[in-house]
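The values are calculated or read from the model by the stated rules, or taken from the named source; none is laboratory data. Nothing here was measured: the structure is a model prediction, and the numbers come from that model. Note that we place each Cβ from the backbone using ideal geometry, even for glycine, and neighbour counts take in every protein chain shown. Surface areas here come from the heavy atoms of the whole protein model, side chains and all, with no ligands, DNA or RNA. Shrake-Rupley method; radii C 1.70, N 1.55, O 1.52, S 1.80 Å.
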Amino acid sequence: MSGTSLDGVDAAVVETDGHRIFGFGESGYRAYSEDERAQLRAALGQWHGPQVEAAAELITRAHAEALSEFEAVDLIGFHGQTLAHEPRGRGTLQVGDGFGLAQALGQPVVWDFRSDDVAMGGEGAPLAPFFHFACAKWIEAEEPLCFLNLGGVGNLTYVDPSFDRPEAPGALLAFDTGPANAPVDDLMQARLGLPMDRDGAVARGGTVETGALELFLAEPFFARMPPKSLDRNDFAEMIGLVQELSDSDAVATLTGMCAAGVAQGMEHCPKPPSRVLVTGGGRRNPVLMEMLRVSLDCPVEPVETVGLDGDMLEAQAFAYLAVRVARGLPTSCPGTTGVQALVGGGIVSAVSMDRAS
């Protein structure tokens, strides 16, 4: 999994039949170099051309390097790098050659998870909710709860574990809450030459500008009913709202915008969740986590409190989804992406084949 982030490739092993989780195996991480991050950043928002082609080659190579460390794996789920996401327009684009990856590694690869969902009228995102449902069963949750992923974009999954299947009506509700780490990372890079606000150190010294926050929440996206999704750059103008502020106030305000988007999104939950389990890089930001705890009416905890790995949950999700695709099981439903019917999207590329099928 590399997703919308620009930090590197997460890889993780899951033991599953596509329904239940039986266990978690080893995991690994392959960081992008500064030059590689710059190359990927240059391709963001583009649909074709030499920069997109170069990004695809980089992504395939980096994933092959990350996955070469793993042994005794039966199947690989390859998400690819999201460069553009416009489900109501041109579609969705995750670059990377799954067929080439299968040939390089000598193992079958499932990839292009989102296109079929978008083709059937869905948002194509988020796709981790079916895995979140399996995680809720794994931790033996009895009350409704939420998984909140804070990567480049924030997304929320409401899970009611009283249901037997994730595709059952009412079992899941999922949607993007708004921008998460991406605007902060972009501002830190532009102003300070740093990839992120590590440990919330810059935001901690600042004050949230309420006027900018109110303008942010007035965006039409927040009035839309879920399911709904975002591109990484859909809120690029956020940086314009804080351009006159000091570094610390600007970062604090962007961090506050992320928390406010989550708080708005929680209003869509069918029932008040018993807790919110946070995954993704945002859970490592104590300022953001404190903002969430103040804003929400239930406990907010990193997923590690229930024995899950917040660094690898997204990679594990696409391993799990790969098994579902290979077994003909759905990977999204009306409650997760707004798709018109159950969809099991993905291409399976086997080593012995001349082309993907």
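Brief remarks on what is shown
- Only one of 284, 324, 293 that is among the charged types (D, E, K, R), open to solvent by 20 Å² or more (accessible area, probe 1.4 Å), out of contact with any Lys or Arg (no Cβ under 7 Å at 6 or more places or on another chain) and touching a residue at least 24 places away in the same chain (Cβ under 8 Å): 284
- Every condition in (1) open to solvent by less than 10 Å² (accessible area, probe 1.4 Å); (2) touching a strand residue (DSSP E or B) at 6+ places or on another chain (Cβ under 8 Å); (3) farther than 15 Å from residue 178 by Cβ is met by residue 251 except one, and the failing one is (2).
- Of residues in the range 195-217 being outside any helix (DSSP H, G or I) and either modelled with pLDDT under 95 or acidic (Asp, Glu) (or both), the one farthest from residue 264 (Cα to Cα): 195
- Restricting 260, 236 to those that are surrounded by 19 or more Cβ atoms within 10 Å (Cβ to Cβ) and closer than 21 Å to residue 200 by Cα reduces the list to 260.
- In the range 233-280, the residues that are β-branched (Val, Ile, Thr) and in a loop (DSSP other than H, G, I, E, B): 242
- Considered as a group, the residues in the range 92-109 that are of a type in the set (S, T, N, Q) and under 18 Å from residue 349 (Cβ atoms) include one that is surrounded by the most Cβ atoms within 10 Å (Cβ to Cβ), and that residue is 94.
- Test: residue in the range 344-356 that is of a type in the set (A, V, I, L, M), at pLDDT below 95 and more than 23 Å from residue 12 (Cβ to Cβ): yes
- The set of residues in the range 40-91 that are β-branched (Val, Ile, Thr), open to solvent by less than 30 Å² (accessible area, probe 1.4 Å) and in contact (Cβ under 8 Å) with a residue 60 or more places away in the chain comprises 76, 82.
- Any hit, the range 114-133, residues being open to solvent by 10 Å² or more (accessible area, probe 1.4 Å), of a type in the set (Gly, Ala, Ser) and at pLDDT 95 or above: no
- Filter pass, residue 147 being in contact with a helix residue (DSSP H, G or I) (Cβ under 6 Å, 6 or more places away or on another chain), in a strand (DSSP E or B) and open to solvent by less than 10 Å² (accessible area, probe 1.4 Å): yes
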